[in-house]
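Comments concern the structure below.
The values are calculated or read from the model by the stated rules, or taken from the named source; none is laboratory data. Everything numeric here is computed off the predicted structure, so don't read it as measured data. Positions of Cβ are generated from backbone atoms using ideal geometry, with glycine treated the same way; all protein chains shown enter the neighbour counts. Ligands, DNA and RNA are excluded from the accessible area calculation, which covers all protein heavy atoms including side chains. Shrake-Rupley method; radii C 1.70, N 1.55, O 1.52, S 1.80 Å.
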Amino acid sequence: MAKKITSADLEERLEKHEVVELDGVEIKGDLEFELSAAGGVAVPPSVLQQALQSVLGVQSLAQVAQAALQSVLGGGVQAGTGETETARKIEAQELATARFEVAKAKWVGKVEEVTLGATSSDGGTREKVVKIGGEKSLPFYNFDHKMPHAPVISVDCFDIPIPLAKAVRGHYEDVMQDPGEWAKKNVREFGADMVTIHLISTDPLINDTPAREAAKTVEEVLQAVKVPIVIGGSGNPEKDPAVLEAAAEAAEGERCLIASANLNMDYKRIANAAKEHGHTILSWTQLDINAQKTLNRYLFKLGVPREDIVIDPTTAALGYGLDYAFTNIERMRISALKGDTDLAFPISCGITNAWGAREAWMKNSPIAEDSDWGPAAYRGPLYEIMTGLTLGVAGGDLFMMMHPKAAAAVKRVTQMLFGAAAKEGAEAGAEEEGRKIKVEDWVSWGGR
Amino acid sequence: MKISSPMEVWKYLPGTNCKECGEKTCLAFASLLLERKKKLEDCPPLFDPLAKSKYGEKGRKLAELLAPEVREVEIGVGERAVKIGGEDVLHRHERTFFNRTALAYDVWDTMPEAELRARVRRISEWQKFYVGEFLRLDAVAVRSVSDDAERFAECVRQVSEETDLPLVLCSFDARVVEAGLKLAGVAERRPLIYAATERNWREFLGLAKQFEVPVTLFSENLDTLNRLALTFSLAGVKDLVLDPGTQPVGAGLEESFSKFVRLRRAGIEGEEKGKEVAFPLMAVPMTTWVGLAREARENEGNSETLEASYWEAILADLFILKYADIMILHSTEPHSLIPVRTLVANIYTDPRRPVSVNPGLKAVGNPSESSPLFVTTNFALTYYTVESDISSNKIDSFLVVADTDGLGVEAAVAGGQLNAEVMKETLESFAVAEKVKHKTVVLPGLAARISGETEDATGWKVVVGPRDSGQIPGWLEKNWPPE
């Protein structure tokens, strides 16, 4: 037994329910509901609502109309009734009216903007400076607030030849003996925004190179390239203060990033040297948000200006603690945006650590039951890329990297997300980057 | 979900501590409900028809309060069914992400049968050991390239014969998808169908209802996507997945990224209006491949193909982080599968799980007093990796776990949490000398720099092992027993 309701009936009912606010409503056509079965009132009111909306063309009536319908149907309609046989017969004819709405994030904090490198006008010899930080929203959330600077890539070089994964080594074998040439190659061939010189030979357990000699290597690198540089010690907490002091002095006025101050060493000497010779300082802690706050506060106390601090909360490789590094960085960045000024600094990530993952370099899996791992040469760069991109999305501003392919890929994708394609439409290659495809074509894509 | 403390949940429970759920108290059950380790159905009194008058209302209310912010949708059936969506937070540290991004790999209906079957088997059987378990892939997406309903059905039939994995049936032509769904047993496997659009939505709505399967809605226009989602919901079809489009490069990619973030933000924070789009999201990194030169596609392993597989992995990375619940990929090369699946495991690990294991001396296999003694740290990941490398290679040995505050070897050496003093304390406090007679300890290769001082401080002979515990078997052959 079917029961029919026309739009006229509805109108009448709406009136009965004292629904008088129907201004601007236009009834576009006849509306007919077919309801089977007496008593078995199982029509989801949502369907009726929907039908009403499409005919009446208004959204706000939904509740009112539902009340009215319940009365029409004898009050038997219950909210939340599921689909039934009957429901299937009723199909909406038009799409519901709706607009997608979402609020912008409301942050109060701002990440410090740090300038790396100094040109001749500022007492240095760099060709141009690099700026990082300054964010008022999460990375690449341009819809909340335009990201001020795209992430920057600094390619590593070392003061002595070091053991490297095979896939990386091939790119550097010709320059490993000469840090200046190595740095040049990083810029010329691999497009590095910056170069990091790691003075690892100063480690007493390696060559115990004296600080003065290490400082000469820094001078060589500064002469070889015109980009801003990062100066890294060996990581030996006893030796690093002396090495970095000498290096800071040798690089006077160049506004290098001195890497790094750490809680388990005499960070005061390093901070003071950076201050005295016009450099910025990397504040490094190990996956510990509170330690990072503490060290940063110590640096404030020493009078290190806020615009001279970059933080390194530690990078762990994909599969080897990347989740901790990701969340640690993401939490720090969110805290900064929420107004925690102890953490509102640009973040540097040692992406080269990705090569510590065995999947990045080991020939075959040590686990017999694993599916084939394929060539290691293909895996390694992707481990570095994904470690980098993941931490970029968490909040990284500066990536220290090694594999040229990885550096180029991270650069490319972060530039896109930053919005470079939209901004610099005229640049070479931008045409390809700006082009949109018919995305749905993947379904019928005939390639292999 | 709308409540966060066990006490709040407890108010809605019977409070009789009847233990029918297997827990000692209703409060214990309440906290497991919050963790999604128990379901409301595990509390029979809450739903006992006889007691309905007493608890029925409370049960309903509780179900509502416990419902995740983003709808949870199940695809597939049986052991390999996957749940997607069901998320409550935008950032994993706020609680955890619950259902990892499901990875679906494509096959298409113009593939020769043998090739098709081999590819499906490869997808189904792929596995990689990681922290105590095997990572696997989640679904097979069947694409209609021919646009021929019969041919598509035949392909779906072959795929479903070959695998138990959940399926995604892909075509914008409802007749094609219907041909797949009509095959015996296919609809019962609860495949996800792809996709309803502004043009074909009536037909897809019909299919979703008739076959009771989850359905994907596709539109790059978020207003349209919202309208589609609202229309389907109002029509009672709520197992929805939303695809806002995955532009692979340039400004398009920036835009796609923003759509995923804004959709998820609306779903989780957007109050009532946002609930219209509070559904699982689909990303399609395989759009990378569309438009590539044919020569590149046909020469597997050439550089352009390699580039494309890298770029696909980059898109996968981005949308694993923000906020795809299911994604469709094309590259089944090991260099793509390993990092992509590992990243899913990383991001979807519960961040509240302990970072460290208890320090101590562990016996692996059946070690004797002449078995090797390895050192590792109490960072859980490091420990499990070393332990599985040793045990899966059946090496009887002792493993002494130093307390490094949960740091891995390299970080602990750099930060001073693993040094000669710590080694001395570790060897003494766990009475290691009572277990082995050789008084030789194998330090991890990454701790080489502390080997000299450790020898001095402990009086033990220190041997530097390989840099990666995966190399222990080969290393042992050459270096054990020590001279």
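Residues to consider are A:Ala259, A:Ala192; find the one that is of a type outside the set (Phe, Trp, Tyr), in contact (Cβ under 8 Å) with a residue 60 or more places away in the chain and part of a strand (DSSP E or B).
A:Ala259
Tell me which residues, restricted to segment A:135-151, are open to solvent by less than 10 Å² (accessible area, probe 1.4 Å) and away from every other protein chain (no Cβ under 14 Å).
Within segment A:135-151, just A:Glu135 meets the criteria.
Look through B:Glu434, B:Glu421 and report the one residue that is farther than 21 Å from B:Glu369 by Cβ, of a type in the set (Asp, Glu) and open to solvent by 40 Å² or more (accessible area, probe 1.4 Å).
Of the residues listed, the single one that is farther than 21 Å from B:Glu369 by Cβ, of a type in the set (Asp, Glu) and open to solvent by 40 Å² or more (accessible area, probe 1.4 Å) is B:Glu421.
Among (1) in contact (Cβ under 8 Å) with a residue 60 or more places away in the chain; (2) outside the structural domain of B:Ser331 (by TED's automatic domain parsing); (3) not in a loop (DSSP other than H, G, I, E, B), where does B:Arg36 come up short?
(3)
Among the listed residues A:Asn236, A:Asn272, which satisfies the condition of being surrounded by fewer than 24 Cβ atoms within 10 Å (Cβ to Cβ) and either modelled with pLDDT under 95 or touching a His at 6+ places or on another chain (Cβ under 7 Å) (or both)?
So the residue among A:Asn236, A:Asn272 that is surrounded by fewer than 24 Cβ atoms within 10 Å (Cβ to Cβ) and either modelled with pLDDT under 95 or touching a His at 6+ places or on another chain (Cβ under 7 Å) (or both) is A:Asn236.
Which members of segment B:363-385 meet the condition of being away from every other protein chain (no Cβ under 11 Å) and buried (at least 19 other Cβ atoms within 10 Å of the Cβ)?
Scanning segment B:363-385 gives B:Val364, B:Ser371, B:Pro372, B:Leu373, B:Phe374, B:Val375, B:Thr376, B:Thr377, B:Asn378, B:Tyr383.
Could you say which residue among A:Ser348, A:Ser335 is among the small types (Gly, Ala, Ser), in the same structural domain as A:Leu282 (by TED's automatic domain parsing), in contact with an Asp or Glu (Cβ under 7 Å, 6 or more places away or on another chain) and farther than 24 Å from B:Asn393 by Cα?
None of the other options fit; the residue is A:Ser348.
On the given criteria, is B:Ala139 in contact with a Leu (Cβ under 6 Å, 6 or more places away or on another chain) and surrounded by fewer than 23 Cβ atoms within 10 Å (Cβ to Cβ)?
No: the conditions fail for B:Ala139.
For B:Val355, only one of the following conditions fails: (1) open to solvent by 10 Å² or more (accessible area, probe 1.4 Å); (2) at pLDDT 95 or above; (3) over 30 Å from B:Val277 (Cβ atoms); (4) hydrophobic (A, V, I, L, M, F, W, C). What is its number?
Every listed condition holds for B:Val355 apart from (2).
Among the residues of segment B:213-239, how many are assigned to a helix (DSSP H, G or I), touching a residue at least 40 places away in the same chain (Cβ under 8 Å) and within 29 Å of B:Trp289 (Cα to Cα)?
So the count comes out to 4.
Is it true that some residue in segment B:462-472 is buried (at least 16 other Cβ atoms within 10 Å of the Cβ), closer than 22 Å to A:Asp208 by Cα, away from chain A (no Cβ under 13 Å) and not polar (S, T, N, Q)?
no
Only residues that are small (Gly, Ala, Ser) and part of a helix (DSSP H, G or I): list them for segment A:269-284, please.
Hits for segment A:269-284 are A:Ala271, A:Ala273, A:Ala274.
Could you give every pair whose Cβ atoms fall below 7 Å, whose first residue belongs to segment B:464-483 and is assigned by TED's automatic domain parsing to the domain that holds B:Asp396, and whose second residue is part of a helix (DSSP H, G or I) and open to solvent by 50 Å² or more (accessible area, probe 1.4 Å), counting only separations of at least 6 or pairs across chains?
As it stands, the answer is B:Arg467/B:Leu446, since those pairs meet every condition given.
Looking at (1) in contact with a strand residue (DSSP E or B) (Cβ under 9 Å, 6 or more places away or on another chain); (2) more than 14 Å from every other protein chain (Cβ to nearest Cβ), find the lone condition where A:Gly123 falls short.
(1)
Please enumerate the residues belonging to segment B:240-254 that are without any contact (Cβ under 8 Å) to a residue 60 or more places away in the chain, more than 7 Å from every other protein chain (Cβ to nearest Cβ) and either among the hydrophobic types (A, V, I, L, M, F, W, C) or part of a loop (DSSP other than H, G, I, E, B) (or both).
Correct list: B:Leu242, B:Pro244.
Can you run down the residue pairs with Cβ atoms below 8 Å, 6 or more apart or on separate chains, where the first is in segment B:271-289 and closer than 19 Å to B:Val215 by Cα and among the polar types (S, T, N, Q) and the partner is open to solvent by less than 10 Å² (accessible area, probe 1.4 Å) and assigned to a strand (DSSP E or B)?
That search, which allows pairs on different chains as well, returns nothing.
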